[in-house]
1. Among the residues of region 48-79, how many are in contact with a helix residue (DSSP H, G or I) (Cβ under 6 Å, 6 or more places away or on another chain) and polar (S, T, N, Q)?
2. Please determine whether any residue of region 131-140 is closer than 27 Å to G17 by Cα and modelled with pLDDT of 85 or more.
3. What's the number of the condition Y61 fails, among (1) crowded, with 19+ Cβ neighbours inside 10 Å; (2) under 17 Å from the mean Cα position of the chain (by Cα); (3) modelled with pLDDT of 90 or more?
4. In region 1-55, what residues are part of a loop (DSSP other than H, G, I, E, B), modelled with pLDDT of 90 or more and over 21 Å from the mean Cα position of the chain (by Cα)?
5. Identify, from the list G28, G54, G66, the residue that is in contact with a Lys or Arg (Cβ under 9 Å, 6 or more places away or on another chain) and surrounded by fewer than 19 Cβ atoms within 10 Å (Cβ to Cβ).
6. So, of the residues in region 141-158 that are farther than 21 Å from P48 by Cβ and among the charged types (D, E, K, R), which turns out to be modelled with the highest pLDDT?
7. Name the residues in region 56-104 that are part of a strand (DSSP E or B) and hydrophobic (A, V, I, L, M, F, W, C), would you?
8. Just to be sure I understand the filter: pairs with C-beta atoms under 7 Å, separated by 6 or more residues or on different chains, first member in region 40-66 and in contact (Cβ under 8 Å) with a residue 60 or more places away in the chain, second member outside any helix (DSSP H, G or I) and among the polar types (S, T, N, Q). Which pairs pass?
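The values are calculated or read from the model by the stated rules, or taken from the named source; none is laboratory data. In this text, all values refer to a predicted model and were calculated from it rather than measured experimentally. Cβ placement follows ideal geometry from the backbone for every residue including glycine, while neighbour counts extend to all protein chains displayed.
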Amino acid sequence: MKAQGFTDYRISYDIAGQSDFIFPSEIGEITNSKYNEEALEHLLKTLPQKEDFGWYKENDYIFIPGPPEIFSMEKIVSIQPGLFYFDGERKKQICFQYSLGTKWIIIKKSVLINEIYHRILSDIHAKIEKKENISYSFPNPAELAWAMLIYKMSRKKLLLEGYKILSNAGDGFDSPLSRRFPIMFEWNEGKINIYKLGAMSFYIDGIVLIDSKPLIPIPEPDLPF
């Protein structure tokens, strides 16, 4: 099976369009890595069904293959270290505990909602138009870093430019309430700025990730804060 060839992906590519469908072969070229046959077959088999692609296109999603093997957040950042700015060592260490495996990152290119912070966390699923067999979740730092990096490298455009993006990683806040505030991603002067949402920052931009099954499941880190 020649899983990374254009013929294998023709239907998906034709519906999604050149800008919104990135081939595994492109990932290999721009990251100087190589998918083995198992990874290529997994990506081909886990593509959404043909009848779903029209919905993805209409709702402004892009298809990005994950790396050919498990990449830590640190390894993702090392591809273009000058592209990432961490607002403090603590934020970097939190993010570096996340990893990404071989799977499709199917991510919305535009803002889904703009709501007060606590409402986003409490009732986002009630505000999203549900589609059968599709699960929505906030992307973790490794998924966000990979998507923003690969889109810039392959399409020469900034994915989610102008938005404050919520990841599913959190940083503890020193208060009697023991609250945790999410790690945010935002383009700033051509760099991906990674910081903690402040206690007085009420408004953020929310997006969702449609998460396909990874080749090798990676558990979320058990952060001690």
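1. 0
2. Filtering region 131-140 for residues closer than 27 Å to G17 by Cα gives 131-140.
In the following step, the residues that additionally are modelled with pLDDT of 85 or more were identified as 139-140.
The answer is yes, given that some residue of region 131-140 is closer than 27 Å to G17 by Cα and modelled with pLDDT of 85 or more.
3. The number of the failed condition is (3).
4. Taking region 1-55 as the starting set, the residues that turn out to be part of a loop (DSSP other than H, G, I, E, B) are 1-5, 17, 22-23, 32-36, 46-49.
Filter once more, keeping what is modelled with pLDDT of 90 or more: 22-23, 32-36.
Hit for region 1-55 is N36, nothing else.
5. Numbers: G54 fails: in contact with a Lys or Arg (Cβ under 9 Å, 6 or more places away or on another chain); G66 fails: surrounded by fewer than 19 Cβ atoms within 10 Å (Cβ to Cβ).
Testing whether each residue is in contact with a Lys or Arg (Cβ under 9 Å, 6 or more places away or on another chain) and surrounded by fewer than 19 Cβ atoms within 10 Å (Cβ to Cβ) leaves just G28.
6. Residues of region 141-158 farther than 21 Å from P48 by Cβ: 141-142, 145, 148-149, 152-153, 156-158.
Remaining after also requiring among the charged types (D, E, K, R): 152, 156-157.
Working: K152: 96, K156: 93, K157: 93.
Selected residue: K152.
7. Taking region 56-104 and keeping what is part of a strand (DSSP E or B), we get 61-65, 71-72, 84-86, 99-100, 104.
I62, F63, I64, F71, F84, F86, L100, W104, listed by residue number.
8. These pairs meet every condition: H42/T102; L43/T102; T46/S212; G66/T102.
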